[in-house]
Every structure is written in C-alpha cells, then in structure tokens.
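The values are calculated or read from the model by the stated rules, or taken from the named source; none is laboratory data. Just so you know, these numbers come straight off a predicted model, no measurement behind them. Note that we place each Cβ from the backbone using ideal geometry, even for glycine, and neighbour counts take in every protein chain shown. Ligands, DNA and RNA are stripped out before the accessible areas are found, and what is left, the full protein with its side chains, is counted by its heavy atoms. Shrake-Rupley method; radii C 1.70, N 1.55, O 1.52, S 1.80 Å.
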Amino acid sequence: MADWTYSTSNSLTVKRWAKQMMAQFAQACFYIQLSSSEESMAIQILDDLNKHAGDQITIGVSQLLTGQGVIGLNTLTGNEEMPITYNDAVIVDELCHAVLLAFPMSMQRVLFDMRKIGRNRLADWYAARVDHAGANQLAGYTPQTNLAYTGLQATIAATRQILPQGITDAANITSANPMLITYWDTAVRNAKALTTGVRPIKVNGRDMYCGIMHPSQTTDMRQNTSIGQWLDIQKAAMTGGDIGDNPILWQSFGMYHGTLLYENSRVTNSVAVAGTAVANTKRAQFLGAQSAVLAFGRTQGDKEHFRWLEELRDFGRQIGIGVSAIWGMVKVQFNSADFGVTVVDTYGLDIDALGTAASNAS
C-alpha cells in the first residue's frame, strides 16, 4: 500500500513567511546621551546654524593671564598683558541614506511591512553613524578616514594619552597590559593637576567625569582580583551608591574616583606612534566638559534635526524611503591640544570584526 505524503522539498508544500521580520539588535546611540546644549556636558550641541546660513561654526577660548603683575610703586603702564586666544571650528554637511521598495508584487509576496522595516533600519543606521562619529572623534582615531564615520570631518590625533607602565608606543601593548581601575586615578589626577584643568561634567549638581571602555576592557578590569582593583573595591562597596533617576547616572555600571564608568562596543582600537591601528588593543576615553561639539544645520522648516523623506517612482510602483540631516561633530582642540579628553590605551580583544581597526564602522 502506498502512502500519500509530501516531503518538505515538494513544490506543493506550503511555505509561509512569518509576519514579523527578525531584526539585528542595534546598539543605542550612546554619545547622544552625553550631549546637551549646556556647556557642562561632555559633548556640547551648538545650535548657531539652526536658523542661520553657513557651514561652519568657529569657537574660541582665551587663555588665563600669566603675567606676574606690578608690585608697590612700580609703573603699571607698559606692563599690561594681552589675553591670548585660540579658535577651533566644526563643519556641517549633509549625510543621508535610503531604502528603495521596488514594485507592488514584491510587497505582495511577503507578510511583513517592508515600509516599516525599512524606516526602522534607517533609524538604526543613523544612530550608528552618530555613535561612530563620537567614538572616532573623541579617540582621535586617525586610521578611520571615511568622513561618514567621523562626524563629517577628519579626526585629529590624541594629545593626552595614558599608556601602561613601561610602554611608550601603543604598538607594543600585549595581553600583559589589561585595563586597570587605577588608570582612572591617573586620568583624574592629570585633569585636576593641569593649570588649565579639564572641567568636570555637571550631573544632578555634582561634578563628575566620564570613563568609556570597550566591553573587553571592562571584562579585564572586573576580573582583576588584585588588591586595590575592581573586585577588591566592590567588596568594600565603594562603587555605585545613590545614582538617582538621571539616565547619565543609571546607564553607567559604576563610579570610581568621581568618574562614571560606561562600556560601549564602538570604542576604537589604539593608534601606534606610526599612525596605524593596533590589533587587540582598545582606546578608552576619559571625558570632561566640552570634550567635543555637535552642530546641526537648518532642516528647511522641520522641527526635528533628522528629516524623513519619501519619493514615488515609476508611476507610484516604487517607493523610496530616506533619512537626512545636516550636522557635524568634532573633538575640541585649542592650540593643537585636546581640550577635555584623555585616551587610555590598553590590551583589548578584537571580538567583532566589524568593530576592529579594519573599519570601526559596523
């Protein structure tokens, strides 16, 4: 007796698409959370071009006076001091991307909403581009030369750098040089010891700095069992505490020496003296106020900085969905010196090929 059966490969076997498309998880736009129009944040948003024409905003700083002054009956005339000023600039340009939904039959053949998925993936794409700009600019990651990943302007090499003891070039970092919590002590000391110090960030009225590490660095730091390192301090309950309801606070995983600690997968590789990326290293960032500036241009009457665009083609048979914004981000430097950021280079595994030195542009 023969059984009437259909195998999975039979052309008559019904195949169905799920109504919901599975989506890759996109990391949140971390660096936007550290930005504000207030000068007390790590990334200051400049709105000068929101209502005015132009493609560049110039920012200035005046140095502290250094003259010794005049004592007693000595003449002040002729001993005046002229303040020294420096300037930096951020350039804005348009960055856009789109998805094309081709022909009604393509949308008829599947159950999921192609239009909705296209728009969601474009939102994830733009969040990633802004995040890469923050990571590359603040790290001074000069191996990345594609402006689409650097805030629409070239990155600038870091001038404030902390390296493991005995290391003078990040190219020589090995697995014997993992992230240590004491590097944040060094960063805070240097920030406070500078005559023109690195201003802390104001969070709920408190003065704090921000430390941003790659997940491989945080893992090394957490697993260090030596006296005075992370686990030892955790036992003494010196981290955490009352973090309140401010997202800048509760999205950190701890606090040490007045520094809120975060981890972010887009932290770059270290950069050698020769200017090349170093495999299996990571460049953590120690941030004070106004470490970078983010500027937006006019959006042609739209209230939001990011514009959604739709275009019908081929007599309405195709729909183009796009997103566009005019913006720019740059690390702040005056007189060729970083204003508010220090980089910390240590060992760190290259886990994700798309996040390593090859592109740093997942």
Filter result (in contact with a strand residue (DSSP E or B) (Cβ under 6 Å, 6 or more places away or on another chain) and open to solvent by 30 Å² or more (accessible area, probe 1.4 Å)) within the stretch 204-217: Pro215
Unique match (being modelled with pLDDT under 95, assigned to a helix (DSSP H, G or I) and buried (at least 16 other Cβ atoms within 10 Å of the Cβ)) among Ala128, Ala187: Ala128
Where a residue in the stretch 117-129 is of a type in the set (Gly, Ala, Ser) and its partner, wherever it lies, is modelled with pLDDT of 85 or more and part of a helix (DSSP H, G or I), with Cβ under 6 Å and at least six apart: none
Filter result for Ala154 (in contact with a Ser or Thr (Cβ under 8 Å, 6 or more places away or on another chain), without any contact (Cβ under 8 Å) to a residue 24 or more places away in the chain and not β-branched (Val, Ile, Thr)): yes
Some residue of the stretch 218-225 being touching a Gly at 6+ places or on another chain (Cβ under 7 Å) and surrounded by fewer than 20 Cβ atoms within 10 Å (Cβ to Cβ): no
Lone unmet requirement of (1) surrounded by 10 or more Cβ atoms within 10 Å (Cβ to Cβ); (2) of a type outside the set (Ser, Thr, Tyr); (3) modelled with pLDDT under 85 for Leu34: (3)
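Table: residues versus (1) in a loop (DSSP other than H, G, I, E, B); (2) buried (at least 18 other Cβ atoms within 10 Å of the Cβ); (3) modelled with pLDDT of 95 or more.
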site: Thr159; (1), (2), (3): yes, no, yes
site: Ala171; (1), (2), (3): no, no, yes
site: Tyr183; (1), (2), (3): no, yes, yes
site: Ile227; (1), (2), (3): yes, no, no
site: Thr239; (1), (2), (3): yes, no, no
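Yes or no, residue by residue, for (1) aliphatic (A, V, I, L, M); (2) more than 20 Å from the chain's Cα centre (by Cα); (3) more than 25 Å from Thr142 (Cβ to Cβ):
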position	(1), (2), (3)
Val278	yes, no, no
Ala284	yes, no, no
Leu294	yes, no, no
Gln318	no, yes, yes
Lys331	no, no, no
Among residues of the stretch 39-57, those that are at pLDDT 75 or above and more than 27 Å from Val203 (Cα to Cα), counted: 2
Candidate set: the stretch 326-345, residues that are open to solvent by 10 Å² or more (accessible area, probe 1.4 Å) and assigned to a strand (DSSP E or B); chosen: the one modelled with the highest pLDDT: Thr342
Cross-chain or 6+ apart pairs with Cβ under 7 Å, the stretch 61-87 first and over 30 Å from Val293 (Cβ atoms), then of a type in the set (S, T, N, Q): Val70/Asn79
